[in-house]
1. Show the residue pairs meeting these rules: Cβ distance below 9 Å; 6+ apart or different chains; first residue within the range 231-250 and free of Cβ contacts under 8 Å to residues at least 60 places away in the same chain; second residue of a type in the set (D, E, K, R) and outside any loop (DSSP other than H, G, I, E, B).
2. Would you confirm whether any residue within the range 5-20 is surrounded by 15 or more Cβ atoms within 10 Å (Cβ to Cβ), touching a residue at least 60 places away in the same chain (Cβ under 8 Å) and within 14 Å of the chain's Cα centre (by Cα)?
3. Are any residues in the range 191-209 exposed (fewer than 11 other Cβ atoms within 10 Å of the Cβ) and either closer than 26 Å to residue 8 by Cα or touching a residue at least 40 places away in the same chain (Cβ under 8 Å) (or both), and if so, which ones?
4. Quick check, is residue 25 of a type outside the set (D, E, K, R), over 20 Å from residue 115 (Cβ atoms) and in contact (Cβ under 8 Å) with a residue 12 or more places away in the chain?
5. Can you report the number of residues in the range 106-129 which are farther than 15 Å from residue 223 by Cα, of a type outside the set (S, T, N, Q) and surrounded by fewer than 24 Cβ atoms within 10 Å (Cβ to Cβ)?
6. Assuming residue 69 fulfils every condition listed in (1) closer than 18 Å to residue 238 by Cα; (2) surrounded by 24 or more Cβ atoms within 10 Å (Cβ to Cβ) apart from one, which condition is it?
Amino acid sequence: MAIRTEITGSVGEVIIDNPPVNALGSEDWFAFAKAVTELGGRNDIHCLVVRAEGKGFQAGVDIKELAEDGTKIVDVNRGCYDTFAAIYDCPIPVISAVHGYCLGGGIGISGASDIVIASEDATFSLPEIDRGALGAATHLMRLFGMQKTRRMLYTGEAIDAQEALRLGGIESVVPRDQLRDEAMALATMIAGKSPKALRLAKWSLNGIETLDVKKSYRFEQGFTLELYTSPDSQEARDAFVEKRDASFED
């Protein structure tokens, strides 16, 4: 399964494990949202950790699925929205433990979380502009601020863990082999607090945010769909799958 869960004491883990790059298809995103919702709704779990196996944290949506069937964009959009909303709305704190690449949907996951811990080898990027799509700039801005978000979205450039830390978008950087232990230690500390206090704290923190994360992301998705129906978008996807440079009309 691309998404699986584990429980250790009062900490739940949602684990992305879909080789080779942890890209997720439309059904995987719905499974992700369901896993977060189910664990977050349990009275015996007081904190969640989202982490991944393999080379990197998460490589976004399955471009090959979309290249084969363009109508899947509707399901992918809905699945991503549901997943990011489930993390953001989860009644208990959510920690993302990011290693390797964190692309596209990975930005949505980490950007919807309460806390992000990254390994030294972590990188963050939104390469959507080179894939014929848009999206998750809302969550990127929640992490890194307006100026860096605009540059990253327009260029597709990545930043490393130290730059992410400098920008205040992640809480800490740790050696790769210590990432899960650090995330679980923090989650266990948090989970030891009053369950009622944690839930009220999460509710209050979401309530005082100046950015309406879900409404903002939904607004973005309309432009993603508009771009996706254009010839430029199809050319970008085909070029990516065929491992060549895209050629756009003026």
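1. 239/130; 244/238; 247/235; 248/232; 248/235; 249/232; 249/235
2. Checked against the condition, which is being surrounded by 15 or more Cβ atoms within 10 Å (Cβ to Cβ), touching a residue at least 60 places away in the same chain (Cβ under 8 Å) and within 14 Å of the chain's Cα centre (by Cα), the range 5-20 yields no hits at all.
3. Selection gives 194, 196, 197.
4. Criteria met by residue 25.
5. 5
6. Here residue 69 meets the rest and fails (2).
Residues are listed down the side, and each one gets a yes or a no for (1) buried (at least 21 other Cβ atoms within 10 Å of the Cβ); (2) of a type in the set (Val, Ile, Thr); (3) in contact (Cβ under 8 Å) with a residue 12 or more places away in the chain:
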| position | (1), (2), (3) |
| --- | --- |
| 100 | yes, no, yes |
| 103 | yes, no, yes |
| 157 | no, no, yes |
| 170 | yes, yes, yes |
| 176 | no, no, yes |
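Read the figures in this text as sums done on the coordinates, not as results from a lab. If you're wondering where the values come from, they're calculated on a predicted model, not measured in any experiment. Don't worry about glycine lacking a Cβ; one is built from the backbone with ideal geometry, like all the others, and counts go over all protein chains shown.
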